[in-house]
Amino acid sequence: MASFASPEIERLIALLAKLPGMGPRSARRAALALLKKRDQLLTPLADALTDAAAKVRACSVCGALDAQDPCAVCSDRSRDRALICVVEEVGALWAMERAGAYRGRYQVLGGLLSALDGVGPDNLRIGELVARARDGEVQEVILALPATVDGQTTAHYLAERLADAGVSVTSLARGVPVGGELDWLDDGTIAQALRARRPA
Amino acid sequence: MAPAVLTRLTLTDFRSYEGASLDLDGRPVFLFGDNGAGKTNLLEAVSFLAPGKGLRGAGAGEVGRRMPGEAKGRAWSVAALVAAEGGDLRLGTGVEPDAARRIVRLEGETVQAGRLSEMVRLIWLTPAQDRLFLEGGTERRRFLDRLAFAAEPPHAAAAAAYERAMRERMKLLTDGPDDPLWLAALESRAAAAGAAVASARIRAVRALQVEIDGRADRPFPLASVSLSGDWDDAPDTEARLASTLAAARGRDAAAGRALSGPHRTDLVVIHREKDRPAAECSTGEQKALVLNLVLAQAARLSRAESAPNPILLLDEVAAHLDPERRAALFDEIAALKLQAFLTGVEAALFDGLKGRGSGVRVDRGALRTVED
């Protein structure tokens, strides 16, 4: 494709296009919007990026992203130190926090076990999790991992690794979503909900 | 649920069809015409109204019409009107120009291919399946899994989960790391999914046997169907599969593939009166055995409350049946009140359907309804 833009703009577009959910077309639109709104968007974004690059790090305790280390959750004294919730990525941690129902701490694995993708236990924050679970303070590890083959393999593996850590290992329930109508659910979910039924 | 009936079919640049459409009244349709006229292509077009690769197992990029000299097929579509309560639903599928993926449209909206199975359920029999009993187990397992999936849609997800966990396990066994806990986690997933697969299959086989036994008065050979291997719905299947896989690690690593598990199960069909395996019966008997399996499955599914009635696609079936069996086939289709598409080279093959179906002459991509 012939280039209409200067190398600076091309570089901006090429980088934007690497973001999740963006392609070349949306990257060009975004670059154009940034360049047209220099004061409202471009400069503040550049400052925010510089700031984030300088300050945000993975928490040395749980792996969450924050400008302080340990992160805000890990250093919050009001958090229940007996609970660790294990999530795949920071996005899942944010989802848990949005729900506002959990007052313990987290462990962000940084992925899921997948032999086909070359991701093994050593590539995930599993050793750190086991060490934390053994520290005497933790009583329960809650596995909040996706209901996929990789997610459930990882959950099973973690349960085995934690078997002699002296903590109870639980996982999130699966079934009918809150406010969900049965006739919109897929058959697999209904079957799972039925297996996991409990006294009303 | 109301019976699924296609009331109109429109093909655009599909295989040999540049543009063709056909109005249907829900009765069986017999398509006749010379070899190469496009009869099977029409059945294949209908088969794309189900998720998957159609009755020839072709990719979406392979079925577009292609003129001599054109490197690849054109964008194609198959559209249908499906009778439903409150009016016909517009259902369509195809490939857009310069795209590779098949898309599915329902009432003008792009939807997931899985939605097709809510509206249309297909059962097909093609000459390729005549060799069902002679070939390796793969084709029969596919046939078996289609039987199980048609009755229990979650079977497809369980089969995919089983296959995925087993592939991961083989990858670890061949390339390492040698991590017993990780292997055990994968084997536990494989065992849970594998047990679900095995139990759905045995339920399908048992239900089919009941159906076949209830049809003993038809002039078709009766089959005894069962599964090879020892994976079924016994309560200890999951635990036994997990321990079998754990014990077989060394052997599977040496072989480069998993030597035991439900992926090795085979569908065993015995011709009951002759007490012989289907593979040892005559070609004609084998065809009649498969046809009876398919009709039994159609009869079973036609009674299911929760899903659309099946539509039968029978390619070149009539020509291989003797007159008595042919008449019985037509009676059966009429009695089940199923929409069916049959093909044959001559209209005379379908004399037994006179007054109960409609004929369509297929001639080089053109369709013409004839008086019945």
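The values are calculated or read from the model by the stated rules, or taken from the named source; none is laboratory data. Given the structure is predicted, the values throughout are model-derived calculations rather than measurements. Cβ: placed from backbone, ideal geometry, glycine included. Neighbour counts: every protein chain shown.
Things to note:
- Subset of the stretch B:231-286 that is touching an Asp or Glu at 6+ places or on another chain (Cβ under 7 Å) and assigned to a loop (DSSP other than H, G, I, E, B) - its residue that is surrounded by the most Cβ atoms within 10 Å (Cβ to Cβ): B:Ala258
- Of the residues examined, B:Ala150 is one that is within 14 Å of chain A (Cβ to nearest Cβ), in a helix (DSSP H, G or I) and surrounded by 15 or more Cβ atoms within 10 Å (Cβ to Cβ).
- Residues of the stretch A:29-72 classified as part of a loop (DSSP other than H, G, I, E, B) and touching a Leu at 6+ places or on another chain (Cβ under 7 Å), total: 2
- Residue count for the stretch A:136-156 under the criterion of being more than 10 Å from chain B (Cβ to nearest Cβ), more than 13 Å from A:Glu88 (Cβ to Cβ) and hydrophobic (A, V, I, L, M, F, W, C): the result is 3.
- Top-ranked residue of the stretch A:171-188 - restricted to ones that are without any contact (Cβ under 8 Å) to a residue 24 or more places away in the chain, of a type in the set (A, V, I, L, M) and in a loop (DSSP other than H, G, I, E, B), ranked as nearest to the other protein chains (Cβ to nearest Cβ): A:Leu185
- Any hit, the stretch B:32-48, residues being crowded, with 16+ Cβ neighbours inside 10 Å and part of a strand (DSSP E or B): yes
- Any hit, the stretch B:157-178, residues being within 14 Å of another protein chain (Cβ to nearest Cβ), more than 29 Å from B:Asn292 (Cα to Cα), touching a Pro at 6+ places or on another chain (Cβ under 7 Å) and not in a helix (DSSP H, G or I): no
- Positions within the stretch A:157-170 being within 10 Å of another protein chain (Cβ to nearest Cβ) and touching a Leu at 6+ places or on another chain (Cβ under 9 Å), in sequence order: A:Tyr157, A:Leu158, A:Ala159, A:Glu160, A:Arg161
- Condition met for B:Leu89 (surrounded by fewer than 20 Cβ atoms within 10 Å (Cβ to Cβ), out of contact with any Lys or Arg (no Cβ under 7 Å at 6 or more places or on another chain) and either within 18 Å of B:Glu118 (Cα to Cα) or in the same structural domain as B:Phe14 (by TED's automatic domain parsing) (or both)): yes
- Residue in the stretch B:73-87 that is under 21 Å from the mean Cα position of the chain (by Cα), closer than 29 Å to B:Ala348 by Cα and at pLDDT below 85 present: no
- Selection status of B:Arg368, touching a Phe, Trp or Tyr at 6+ places or on another chain (Cβ under 9 Å), in a strand (DSSP E or B) and either more than 30 Å from B:Asp213 (Cβ to Cβ) or without any contact (Cβ under 8 Å) to a residue 24 or more places away in the chain (or both): no
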